[in-house]
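Visitor: Below you will find the structure I want to go over with you.
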Amino acid sequence: MEIVLATQNPDKVREIKEVLKDLPIKILTLMDLGLKEKVEETGKTLEENALLKAKFWAEKTGKWALADDTGLEVEALNGAPGVHTSRYAGENASYEDNWKKLLKNMEGIPWEKRKARFRCVIVIVSPQGKRYIAEGSVEGYITLEAKGNKGFGYDPVFYVPEKGKTLAEMSLEEKNSLSHRGKALQKAKEIICNIITSSSFS
């Protein structure tokens, strides 16, 4: 079974490959296939955006495709940045641009009101258009300043209380064991195992 990862983000590719590495599948990236088209994420929900990407690349490659969309929902900002998480500071914003804008917009907000949730929706689509959905989330707080140099995105400013540190202070293995994407990937892993067992991937 071959699965194309419907993302141009090498950081996401690394996390996904780590969780799925022991499955009897061949994981292909868009970079492996020399594909550079960008899918416009016009959906109003994470699920819609993930489906747009997975469906596009399944049709384009004739292979199974796995896509994720992730949103950071901050209580004090009424759920923002949400679906605009990766583009919070602009269309071509860097990770640092995004979390710096978030910290600026939260200046003066006390710790107890800095609750946030990371959500990840993964959609797997077959070449024939059959779709499977998995979701994961993690609760935490937005820090007052960035901490840690691992991970990517908003990891330096997302504090996980039960671990006493930010996602950017965790190893890849530790992050994947509790993060939104890690949890969604574990569910996706079960889905892929069931697909393989039922031989419906041919």
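The values are calculated or read from the model by the stated rules, or taken from the named source; none is laboratory data. From a predicted model like this one, the values you see are computed outputs, not experimental measurements. Glycine gets a Cβ as well: all are built from the backbone with ideal geometry, and neighbour counts include every protein chain shown.
Visitor: Read through the list (1) surrounded by 13 or more Cβ atoms within 10 Å (Cβ to Cβ); (2) more than 16 Å from Ile142 (Cβ to Cβ); (3) not β-branched (Val, Ile, Thr), then give the number of the only condition that Glu91 fails.
Guide: So the condition that Glu91 fails would be (1).
Visitor: Let me ask you something else. What is the one condition in (1) surrounded by 22 or more Cβ atoms within 10 Å (Cβ to Cβ); (2) over 21 Å from the mean Cα position of the chain (by Cα) that Thr197 does not satisfy?
Guide: Only one criterion is unmet by Thr197, namely (1).
Visitor: Counting only residues that are assigned to a loop (DSSP other than H, G, I, E, B) and farther than 23 Å from Lys187 by Cα, how many does region 135-153 have?
Guide: Within region 135-153, residues that are assigned to a loop (DSSP other than H, G, I, E, B) and farther than 23 Å from Lys187 by Cα number 8.
Visitor: Please find, among Lys104, Lys130, the residue that is basic (Lys, Arg), within 22 Å of Val4 (Cβ to Cβ) and surrounded by fewer than 18 Cβ atoms within 10 Å (Cβ to Cβ).
Guide: Lys130 is the lone residue from the list that is basic (Lys, Arg), within 22 Å of Val4 (Cβ to Cβ) and surrounded by fewer than 18 Cβ atoms within 10 Å (Cβ to Cβ).
Visitor: Take the residues of region 63-105 that are of a type in the set (Asp, Glu) and more than 13 Å from the chain's Cα centre (by Cα): which is nearest to Gly153 (Cα to Cα)?
Guide: Here the residue is Glu96.
Visitor: From the list Ser177, Ser202, pick out the single residue that is closer than 24 Å to Val74 by Cα and either part of a helix (DSSP H, G or I) or modelled with pLDDT under 95 (or both).
Guide: None of the others qualify; the one that does is Ser177.
Visitor: Looking at Val121, Val138, which one is among the β-branched types (Val, Ile, Thr), surrounded by 18 or more Cβ atoms within 10 Å (Cβ to Cβ) and either more than 29 Å from Met1 (Cα to Cα) or at pLDDT below 95 (or both)?
Guide: Only one candidate passes the filter, namely Val138.
Visitor: Would you please list the contacts, defined by Cβ atoms under 6 Å and residues six or more apart or on different chains, that run from a residue in region 40-51 that is under 18 Å from Phe118 (Cβ atoms) to a residue that is among the small types (Gly, Ala, Ser) and not in a helix (DSSP H, G or I)?
Guide: Leu46/Gly71; Asn49/Gly43; Ala50/Ala67
Visitor: I'd like to know if region 159-182 contains one or more residues that are more than 26 Å from Ile124 (Cβ to Cβ), small (Gly, Ala, Ser) and more than 18 Å from the chain's Cα centre (by Cα).
Guide: Yes, there is a match, as at least one residue in region 159-182 is more than 26 Å from Ile124 (Cβ to Cβ), small (Gly, Ala, Ser) and more than 18 Å from the chain's Cα centre (by Cα).
Visitor: Does Ala168 fit the bill of being under 25 Å from Val83 (Cβ atoms), touching a strand residue (DSSP E or B) at 6+ places or on another chain (Cβ under 9 Å), of a type in the set (Gly, Ala, Ser) and in contact (Cβ under 8 Å) with a residue 40 or more places away in the chain?
Guide: Working: under 25 Å from Val83 (Cβ atoms): yes; touching a strand residue (DSSP E or B) at 6+ places or on another chain (Cβ under 9 Å): yes; of a type in the set (Gly, Ala, Ser): yes; in contact (Cβ under 8 Å) with a residue 40 or more places away in the chain: no.
So Ala168 fails the test.
Visitor: Okay, next question. For region 169-181, check the following and say yes or no: at least one residue is aliphatic (A, V, I, L, M) and crowded, with 22+ Cβ neighbours inside 10 Å.
Guide: Taking region 169-181 and keeping what is aliphatic (A, V, I, L, M), we get 170, 172, 178.
So of that shortlist, the ones also crowded, with 22+ Cβ neighbours inside 10 Å come out as none.
No, the conditions are met nowhere in region 169-181.
Visitor: Here's a follow-up. Give region 48-86 a look and list any residue that's surrounded by fewer than 24 Cβ atoms within 10 Å (Cβ to Cβ), in a helix (DSSP H, G or I) and either of a type in the set (Gly, Ala, Ser) or modelled with pLDDT under 95 (or both), or say none.
Guide: Listed by number, the residues that qualify are Ala76, Ser86.
Visitor: Is region 94-111 home to any residue that is in a loop (DSSP other than H, G, I, E, B) and touching an Asp or Glu at 6+ places or on another chain (Cβ under 8 Å)? Before the answer, list the steps.
Guide: Residues of region 94-111 in a loop (DSSP other than H, G, I, E, B): 94, 106-110.
Now restrict to residues that are touching an Asp or Glu at 6+ places or on another chain (Cβ under 8 Å): none.
No, region 94-111 contains no residue that is in a loop (DSSP other than H, G, I, E, B) and touching an Asp or Glu at 6+ places or on another chain (Cβ under 8 Å).
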